[in-house]
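*Asks:* Take a look at this one; I'll ask things after.
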Amino acid sequence: EKITPVLISEAIADQYFAGEDPIGVRLRAGPGDGAVIVGVVGNIRRASLADRPRADLYFPGPANTLFVKTGGDPLNVLPAVRTALRNLEPAVVVHGARTMSEYAAASMAITRLAMRLLGGFAIVSVLLAAIGIYGVMAYSVRRRTREIGTRVALGASRADVVRLVMREGGLITVAGVVIGLATGLFAARSLSAILYGVPPSDLVSLGAAAAVLMLTGLAACYVPAQRAARIDPARTLTTE
């Protein structure tokens, strides 16, 4: 009878042996006449840090991966690890040694690229939104030149005119932010696969995005508001 030793991940232990000791349990798996559980190891994420921990079985084979936890620079410990392994098995070959930070950086490379592209698109979108709001408010001020001139002639101060334009621009900005946040929450589920450590509905991130959009919109309204405040009622009320 050939029984193969096998290691199981914590995910398997939690799912199938909750509250029980899995060591010594026989499994109908692997080559030969089955396998016996000889240990439990921690969960890993194979492809990316954003992956969920997998339920894994580890069988002995010609190639294995060894993780070593050190207190300093891992590369300084590598010669001692090679020596210890060769003392156990002289024919062993150690290759592909990398630090965990290098593995993590490689697994997150595509995610970082995607986030940089999304960040670039976000910056362009904010600039386009600012240009659009500025254009709308500048056009509105130009169309309402006679009205604004009448208000100034009747006693409205420059501050009143600025507040009038800024209030209207603020309403447009608030409406856009509300619609954008609602659309963002709806679309956030499709981005959850590339988010690590941040939930799709993170209130801090959403609040920061809303604040940036509000400030951008108000800044875009400021120039037309100042232009409106400098309108000369004597010219605007003159009949051509």
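The values are calculated or read from the model by the stated rules, or taken from the named source; none is laboratory data. Remember, it's a predicted structure, so these values are computed and weren't measured experimentally. Ideal geometry is used to build each Cβ from the backbone, glycine not excepted, and the neighbour counts take in all protein chains shown. In case anyone asks, the SASA skips ligands and DNA or RNA and just uses the protein heavy atoms, side chains included. Shrake-Rupley method; radii C 1.70, N 1.55, O 1.52, S 1.80 Å.
*Asks:* Treating the angle as unsigned and between 0 and 90°, give the value, to the nearest 10°, between the Cα long axis of helix 74-88 and the longest Cα principal axis of the chain.
*Replies:* The answer is roughly 20 degrees.
*Asks:* Enumerate the amide H contacts of residue 36 below 5 Å, restricted to partners 5 or more residues apart or on another chain; note that Pro and chain-start residues carry no placed amide H.
*Replies:* 4, 6, 27
*Asks:* Still on this structure: Could you rank the peptides 53-59, 145-151 by their average count of other C-beta atoms within 10 Å per residue, with the highest value first?
*Replies:* 145-151, 53-59
*Asks:* While we're on this one: What whole-number value in Å² describes the accessible area per residue of the chain for a 1.4 Å probe?
*Replies:* 69 Å²
*Asks:* Shifting gears a bit: Helix 158-187 sits at what angle to the longest principal axis of the chain, using alpha carbons and giving 0 to 90 degrees rounded to 10?
*Replies:* Its long axis makes an angle of about 30 degrees.
*Asks:* Roughly to the nearest percent, how much of the accessible area of the range 1-146 is carbon and sulfur, given a 1.4 Å probe?
*Replies:* C and S atoms contribute 60 percent here.
*Asks:* Select from 93, 75, 122 the residue farthest towards the positive end of the dipole of the range 1-123; place +1 on Cβ of Lys and Arg, -1 on Cβ of Asp and Glu, and compute about the Cα centre.
*Replies:* 122
*Asks:* Towards the positive end of the charge dipole of the chain, with charges on Cβ (+1 Lys, Arg; -1 Asp, Glu), say which of 53, 109, 23 has the farthest Cα.
*Replies:* Farthest towards the positive pole: 109.
*Asks:* Report, in degrees rounded to the nearest 10, the 0 to 90 angle that the Cα long axis of helix 109-143 makes with the longest principal axis of the chain.
*Replies:* Once rounded, one gets 10 degrees.
*Asks:* What's the percent breakdown of Cα-Cα distances in the chain across 5 Å bins, shortest bin first?
*Replies:* For the chain, the pair-distance distribution reads 1, 5, 8, 9, 9, 9, 8, 7, 6, 6, 5, 5, 4, 4, 4, 3, 3, 2, 1, 1, 0, 0.
*Asks:* A further question on this structure: Sticking to Cα atoms, compute the Rg of the range 123-166 to one decimal and its Dmax as the biggest Cα-Cα distance, whole number, in Å.
*Replies:* Rg and Dmax of the range 123-166, Cα atoms, are 13.2, 42 Å.
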